[in-house]
Amino acid sequence: MVNPFADQRRFMDACDQTTDGTFNEEQYNLYTDLIGEEMSELQDAIDTNDKVEQLDALIDILVVTIGAIHSMGADAEGAWNEVLQSNLAKIDTLTGKVIKRADGKVLKPQGWTPPKLSPFL
């Protein structure tokens, strides 16, 4: 259990769910509904300052999100790598830092290009 994309595929296979790179609308809808449920659980845990339940909800959000990506037939790992490369390109090569807004959101530097995700669909 090292690769969350492969690990989730293994779990989904054990659940008799499709992971063959084709779109499964019913399964995809299940996972997107579960994402909403987990987001609600996260908010409840934040409201009650329950760190254990926050962590549980955050991990579950990752699990059901990866499940949704597999259910839509996309290459989850390939898309992850593309987005990660795009995010890493926001790091200034001279300072090793990113530029942020006052609220902490990372800004896109001059010349930055968005990830190209269509090859992973």
In debye to the nearest 20, the charge dipole size for the chain, taken about the Cα centre with +1 at each Lys and Arg Cβ and -1 at each Asp and Glu Cβ, equals 1120
With the dipole of the range 1-70 defined by +1 on each Lys or Arg Cβ and -1 on each Asp or Glu Cβ, the option from Met39, Asn24, Val52 whose Cα lies farthest towards the positive pole is Asn24
The answer for the longest stretch of the chain without any exposed trypsin sites (Lys or Arg not before Pro) (DSSP loop, at most 16 further Cβ atoms within 10 Å) is 1-89
Rounded to the nearest 500, the 222 nm mean residue ellipticity computed for the chain from DSSP H runs (n ≥ 4, each -39500 (n - 2.57)) alone is -19000 deg cm²/dmol
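How about the range 23-79: which chymotrypsin sites (Phe, Trp or Tyr not before Pro) there lie in a loop by DSSP and see at most 16 other Cβ atoms within 10 Å? Mind showing how you got there, number by number?
Working: sites: Phe23, Tyr28, Tyr31; in loops: Phe23.
Counting only loop positions with at most 16 other Cβ atoms within 10 Å, the chymotrypsin sites (Phe, Trp or Tyr not before Pro) in the range 23-79 are Phe23.
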Expressed as a percent, the accessible surface of the range 51-93 that is carbon or sulfur, using a 1.4 Å probe and the full set of protein chains, is 65
Farthest towards the positive end of the dipole of the chain, among His70, Ile99, Gln85 and with Cβ unit charges of +1 on Lys and Arg and -1 on Asp and Glu, lies the Cα of Ile99
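Lys116 to Asp47: FRET efficiency via 1/(1 + (r/R0)^6), r the Cβ-Cβ distance, R0 35 Å, to the nearest 0.05? Intermediate values should be presented prior to the final figure.
On the way: r = 39 Å, r/R0 = 1.10.
The value I calculate is 0.35.
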Regression test value, accessible area per residue of the chain, probe 1.4 Å, units Å², expected 71
For the chain, longest principal axis from Cα atoms; helix 4-14 axis from its Cα atoms; angle between them, nearest 10 degrees, is 10
Filtered hits (lysines, Cα-Cα < 25 Å from Lys100, offset >= 8 within chain) -> Lys90, Lys108, Lys116
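The values are calculated or read from the model by the stated rules, or taken from the named source; none is laboratory data. Keep in mind the model is a prediction, meaning the values are calculated, not measured. Please note: Cβ atoms are built from the backbone with ideal geometry, for glycine as well, and neighbour counts cover all protein chains shown. Keep in mind that these areas ignore ligands, DNA and RNA; they rest on the heavy atoms of the full protein, side chains included. Shrake-Rupley method; radii C 1.70, N 1.55, O 1.52, S 1.80 Å.
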